[in-house]
Structures are given as C-alpha cells and as structure tokens.
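Data first, discussion second: the structure below is written as structure tokens.
The values are calculated or read from the model by the stated rules, or taken from the named source; none is laboratory data. Values in this document were obtained by computation on a predicted structure and should not be read as measured data. Every residue, glycine among them, receives a Cβ derived from its backbone with ideal geometry; neighbour counts consider all protein chains shown.
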Amino acid sequence: MGYLNNSVVTVDAILTKKGRELLARGDGSFRITQFALSDDEIDYTLYNTSHPSGSAYYGEAIEAMPLLEAFPDETQIMKYKLTTLPRGTARLPVLATKSTVVLKQGQSEAITPQTLNYLGGNQTFETSGYTFTIADARVASIFQGVGINTEEANRLNTTTTLGTNVSKTVIGTSLNITSTTVNTLFGTNTQLQTTLTIIGRDSGARVTIPVTITRVNQ
Amino acid sequence: MSFKRFDAEDLVIASEAVSAPVWSTGEPILTTFFTSSVQPNLESGKFYYDVYQTGSTLDISAVQFSIAYADLDGSGSAPYNSAVAGKAPSSTIYGQYRSLILGDEESSFSFGGVTQEYFYALAIDRDRFKESLLPASFNLTLKNTSNRALYLTDNSANGTPVVFNDAGRVYQVVSGSNGVAYTGVNANGYTTASGSYGLFLPDVGIILLNGAALDITGTAEGIALGTTRGNTAAANPAKLYQVITSGSAFQLSYKETVTSQFVFARVRNSEYNYSTNPSYITGTGDLKISSMLDTPQTYITSVGMYNDNNELLAVAKLSRPLLKDFTKEALIRIKLDF
C-alpha cells in the first residue's frame, strides 16, 4: 500500500472485494445509488486551536498529511463517516451495544443495538434499523438480521457466498448470530477472531466490536 | 444522515479509445527477439514457436507473439502417421486459420487476389494486443543473410474501403511503411506474381505472411526465405524467426476501448460537517474540540459508493484531505474503469 502524490489533488478509485463479488454475480446488485464520505486517517488531535498564526492555521498539520491509497477490503475503509447534522449540534449519535462478542462453537446470540443522542432521545431504536457487517462470513453459520422486512433486508439474509473469507452484511433492528461448528476453520487454533461492524442506517453512527469463536469440538 | 443518494445525472457512462505499443517493453518498436531453447523441442514446437522480448528464462520475459507455419498439403512438417499423407501439424494450422478467418472449409487463402497454399502466421499474444491491433501501426522489417531487407506494413492508410470477413477487418500486408504502400516496385505494394505479402487482421490479433511472396528470389520483391515443403519436419517457423531477428524492427500498437463510469459526488455546504471519528467525539458523542461547536469542520479523505443495501461497492481516496465546513461545497469527480 503506497501513499498518494499530494502535490496535486487527485482521486484514486477502486472496487472493493464486495464490489467485485457483486459485479461477478451479475444479478444487478452492483448498482451504485448512493455515497458517503469519511475522514479515515484523520487525527483531530492534530487540530491545533493554539496555533500562533491564528484560526486559519488550526488544521495546518492535518491539511499537509499525505494519504494512503484505498484498501479493497470494505471492512477496513469508510470507517469514520461524516454526517449531516444541524449547526450547533454538540453531541453526535453513538451506538450502545456489547463491547465484545464471545461465542462457543455452535452458540447463538442476539445483538440489539441502540442509538444515543439521536433525535433528541437518550436511547433510540432507529427506524431504518442497523447494518451489521461481519468481516469473515465463514465464522457464522447463521448471520441474520431481524426486525426489518424490506425486500433488500430479506435478500441480504438469504444471500450466501461460498468458499472465501468475504464479509457479509445484513440489515435489521437486531442480529441473530450462531457461530460455526466447522472444526476445519480453526486449524490448530483454539479460537477464531473477526470483527462485527454495526452502523445506524439513519444516524450513521458506527461501532466495531471484536468477535471471538472458541473451539469446543475436538 | 451519512448516505446521500445520487441523482440520475451524477452517474455517467463514457467510452474512450486508448492506444499504446503492443510490446511488454513499452517501446513502439521491438528490436530484440528470443525463443526458448525448450519450447521448440516440445510437442507444441511442431506447431508454433513462442517469441519473447528477453531471454525466456528471465522473470520479466513474456511471450510477445508466436510464429506458426500453415500448409494446405501438410508439407513442411512430419505427418502424424506416415501411412496418412497430408495430415501434419502444418495442415492442422492451415485448417485452424481457415476456420477462424475464412469460416469455410472449402475456401482457400488468397493474398491480394492470388491463391496460395502456404503461409506464416504471427499470432500476437492476447495480453499484448488487448482488444485489437491498430491499423497503420504495423511495420515489420525482414532481413535475410544477404542483407536484403523487406519493409512490410498494412495498407490501411491507402484509402481503400475496408474489407470484412469472418475474422473482422482485413487489410493486405504490402511493401511500405505506416499503412502506406511503397509504389517503387509495384503500384499497390504487392509482388508481381505472388499477390500481396499477407493479411493483417487487427480484430483477432493475427498477421498472415504469404510464404510464396517471401520465398521470391532474385528480385527486390522477396527475401529468398527458403520455405521447405515436403513430408519432413523443416522448422519453417525458425526461418521466419531468423529474418525477423535480423530485421530487428517490429512496430505494432493496440487499440482498446475503455469503458468508464464517472461518478459525481456533490456535497452541499450544509452537509457532512460532523464526523464520527473517535478523535472528533468522546465515547458519549460529545465534541472533543470546543471551537467545533460554533464552526464545525471536517476533512474528507474518502468517498464510498454504495448500493441500495448499503454495501460498499467502490471507494475513492483523495490525495490530500479536503476541508469541509458550513461555508464550503465540494464536487468530487470519480472515474471507475471496467
């Protein structure tokens, strides 16, 4: 992964792994309809409000930084989305959920996130639900969103990709996950690890939590 | 709040023709040629020779084109079975190209109006010619051991109507350069009695060279190539390879249509002025920088493109952070090539 030449403003665009998968599927699911912006790589602690040259220079250290090229792994990019909120907003929506998911082989769990600081409420279930993305779909034998019965949500629940460690995304107000019972995936290890990313479909709030599957079958 | 739908005019499909040299070297003219010491002795060597731009054992070597010899009667190569006359690798190659180019097992190859029974085929490697060869970019110098040189090109720049057959566009290979025939010997750049020097088939990446024209001796029209016709293995591809190597100049370009999708991400002044970046907010969602309360600012580094299911299909990274606040709007143009 290299740095982009920042002497001129350019845009480096690539398809993600998921994009290539859907393009190959050829069922019309590769259809760009919306966009989001993110500020991945930005460290706002570099924003210096004590800069001696004044407010025009507060972001000097950020604006000079070279950026890395895009990653094709859709779970490793677009992590920190920019959001549209009314001016004067002091608190941004954040998700409240488990800080980690630990499952034994074959064990099931339901995950129901809530959104804080959203629409004036302390705790809210978002109307459009949440997007749940597991980075390695092989570790879950069941990975199903429930509570949202739109056509797209149902399609995502029934879509499977065989063989490789691609991510899987489902939509729902909560998630039902059952860990894999396949011993082969563990190799000589006693645990499998991946991540679960939850994004509020209305608020854009996001959280990524680690998922650990513990081997029980020998 | 994080996703914004594209309008219909924000997504534009455009096609663009791109041309470049065919060769792995990136140079317009290939001047050095190598064959493998192994491949010609394998079973495949009875049918064709692979030609590389460097020694074939080097990591950077790549097949540039292959040379095959085709003969209607199976001459120039040993028969598969001595009891079955006329069935040999050279007749197989002849039938292969007849099927591909003429599409009719009853037809014969005609070069500039003269029917011939044998020819050489230069099959350009698929990775090299991409989509099609670029007419008028073909210039090949053949030189024999007597230093007699023949300069060949296609006749695409002569202004004659393009002829099509089962392999797409067909141009005659003539004496000349850059698509224009040399008229010093014959007005059309052909030989006097053996027809043109071959066929240039840009859409399938194949150049046929008329063996009879190259074999002409005693005049400036041929280079006395010395094609051997008989029921024994004659390694005719090696003879053509030798005159190509001595000529030391094979110029060829490809033409490719690249289809791109242009995506215009339009960001209004009131949009995307807050961030979910952990260095921007605390764990409870409070802004970490007090000055952001009055004048929130963000820095755009990436544009994610999604489908209706919020699946990330493509991503674009800016080369440097783009400041965004309530006084700024942005238009980011993204080009996706397929």
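Restricting attention to segment A:13-41 and to residues that are part of a loop (DSSP other than H, G, I, E, B), at pLDDT below 90 and exposed (fewer than 15 other Cβ atoms within 10 Å of the Cβ), the residue that is nearest to the other protein chains (Cβ to nearest Cβ) turns out to be A:Gly28.
Tallying residues that are surrounded by 20 or more Cβ atoms within 10 Å (Cβ to Cβ) and at pLDDT 90 or above within segment A:141-155 yields 2. Of the residues screened, B:Lys143 is one that is modelled with pLDDT of 95 or more and not hydrophobic (A, V, I, L, M, F, W, C). When we screen B:Ala83, B:Ala68 for residues that are out of contact with any Leu (no Cβ under 6 Å at 6 or more places or on another chain), aliphatic (A, V, I, L, M) and either in a helix (DSSP H, G or I) or at pLDDT 95 or above (or both), the only hit is B:Ala68. Residue pairs whose Cβ atoms lie under 8 Å apart, separated by 6 or more positions or on different chains, with the first residue in segment B:282-293 and within 7 Å of chain A (Cβ to nearest Cβ) and surrounded by fewer than 14 Cβ atoms within 10 Å (Cβ to Cβ) and the second in a helix (DSSP H, G or I) and at pLDDT below 85, are B:Ser291/A:Ser55. From the list B:Ser37, B:Ser56, the one residue that fits, being farther than 30 Å from B:Glu117 by Cβ, away from chain A (no Cβ under 14 Å), modelled with pLDDT under 95 and surrounded by 15 or more Cβ atoms within 10 Å (Cβ to Cβ), is B:Ser56.
Residues of segment B:242-264 that are among the aliphatic types (A, V, I, L, M), buried (at least 22 other Cβ atoms within 10 Å of the Cβ) and either part of a strand (DSSP E or B) or free of Cβ contacts under 8 Å to residues at least 60 places away in the same chain (or both): B:Val263 alone. Residues in segment B:304-330 that are without any contact (Cβ under 8 Å) to a residue 12 or more places away in the chain and polar (S, T, N, Q): B:Asn307, B:Asn309, B:Ser319. Residues in segment B:1-36 that are among the small types (Gly, Ala, Ser), farther than 30 Å from A:Ala36 by Cβ and free of Cβ contacts under 8 Å to residues at least 12 places away in the same chain: B:Gly26 only.
Restricting segment A:42-68 to residues that are at the interface with chain B (Cβ under 10 Å from one of its Cβ atoms) and hydrophobic (A, V, I, L, M, F, W, C), the residue that is surrounded by the fewest Cβ atoms within 10 Å (Cβ to Cβ) is A:Ala64.
Sort out which residues of segment A:69-87 are under 20 Å from B:Val267 (Cβ atoms) and more than 7 Å from chain B (Cβ to nearest Cβ), and write them in order of number. Write out each step before concluding.
Taking segment A:69-87 first, the residues under 20 Å from B:Val267 (Cβ atoms) are A:70, A:77-87.
Residues satisfying the conditions are A:Lys79, A:Pro86.
When B:Ala187, B:Ala136, B:Ala213 are checked against the criterion of being in a loop (DSSP other than H, G, I, E, B) and modelled with pLDDT of 95 or more, a single residue qualifies: B:Ala136.
Which residues, taken from segment B:93-113, are loosely packed, with under 12 Cβ neighbours inside 10 Å and not charged (D, E, K, R)? Break it down stepwise before answering.
Quick first cut of segment B:93-113, residues loosely packed, with under 12 Cβ neighbours inside 10 Å only: B:103-106, B:113.
Scanning segment B:93-113 gives B:Gly103, B:Gly113.
Note on segment A:111-127: among residues that are in a loop (DSSP other than H, G, I, E, B) and modelled with pLDDT of 85 or more, the one that is nearest to A:Ser179 (Cα to Cα) is A:Thr112. If a residue has to be over 36 Å from the mean Cα position of the chain (by Cα), closer than 30 Å to A:Lys168 by Cβ and either modelled with pLDDT of 95 or more or assigned to a strand (DSSP E or B) (or both) to count, how many in segment B:299-338 make the cut? Adding up the residues that qualify gives 2.
Does B:Ile60 meet the test of being in contact with a Phe, Trp or Tyr (Cβ under 7 Å, 6 or more places away or on another chain) and hydrophobic (A, V, I, L, M, F, W, C)? No; evaluated as a whole, the condition is false for this residue. Across segment A:134-152, the qualifying residues are those that are out of contact with any Lys or Arg (no Cβ under 7 Å at 6 or more places or on another chain) and in a strand (DSSP E or B), and the one among them that is nearest to the other protein chains (Cβ to nearest Cβ) is A:Gly145.
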